[in-house]
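For reference, the structure is listed below as structure tokens.
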Amino acid sequence: VCPFCREPNPTAGPEYLCQLQARCLKNDPYAFLLMGEFHRNGNFELAKDDLKALDYLIRSVELGSGEACAKIGMCYTEGTGVSVDEERGALFFRVGALRGEIMARHNIGCSEYYDLGNHEFGIRHWKI
């Protein structure tokens with residue numbers, strides 16, 4: 001049962017997408033995050049569209065999602081839908097870490113330890 005609308009959980013993909021779109025209309029950051037992931041991966045018969053996925057993820061960040069910050073950071077470091085920009089990716093990782101996202105903190109630690117050679121800082125980020 002959906003905790004928001006008390007409707008039974010959808011059994012098919014189109015029903016689930018309708019439910020997520022309804023949550024997006026109510027500015028649910030997690031719904032925007034999921035819609036971004038579905039567009040990025042092409043789930044539920046959606047066309048794979050990196051720019052649309054990035055739009056959904058940016059909206060989720062604007063609503064306060066730390067997980068979306070980490071995913072956008074990965075898009076920038078991997079070049080998925082955008083050109084590769086390590087600095088911008090690191091910025092999104094820092095914002096995600098400040099919002100409490102564990103994977104963003106882990107990615108900062110990896111960058112410090114492996115890419116920049118700051119072993120102390122990398123280990124410190126992993127300990128947090």
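Among the residues in segment 73-81, are any loosely packed, with under 14 Cβ neighbours inside 10 Å and among the β-branched types (Val, Ile, Thr)?
Step one: filter segment 73-81 for residues loosely packed, with under 14 Cβ neighbours inside 10 Å, giving 78-79.
Add one more test, that the residue is among the β-branched types (Val, Ile, Thr), and what stays is none.
Scanning segment 73-81, I find no residue that is loosely packed, with under 14 Cβ neighbours inside 10 Å and among the β-branched types (Val, Ile, Thr), so the answer is no.
In segment 6-37, what residues are in contact with a helix residue (DSSP H, G or I) (Cβ under 8 Å, 6 or more places away or on another chain), modelled with pLDDT under 85 and open to solvent by less than 80 Å² (accessible area, probe 1.4 Å)?
Pro10
Considering only residues that are open to solvent by 80 Å² or more (accessible area, probe 1.4 Å) and not aromatic (Phe, Trp, Tyr), which ones fall in segment 38-53?
Selection gives Asn41, Glu45, Lys48, Leu51, Lys52.
Search segment 70-99 for residues that are in contact (Cβ under 8 Å) with a residue 40 or more places away in the chain and pair each with any residue that is assigned to a loop (DSSP other than H, G, I, E, B) when their beta-carbon atoms are under 9 Å apart and the residues are at least 6 apart or on different chains.
The qualifying pairs are Gly81/Asp49.
So, Tyr76, is that one within 13 Å of the chain's Cα centre (by Cα) and of a type in the set (Phe, Trp, Tyr) or not?
yes
The values are calculated or read from the model by the stated rules, or taken from the named source; none is laboratory data. If you're wondering where the values come from, they're calculated on a predicted model, not measured in any experiment. Using ideal geometry, Cβ is built from the backbone for each residue, glycine included, and neighbour counts are taken over all protein chains shown. Note: accessible area is taken over every heavy atom of the protein model, side chains too, but ligands, DNA and RNA are not part of it. Shrake-Rupley method; radii C 1.70, N 1.55, O 1.52, S 1.80 Å.
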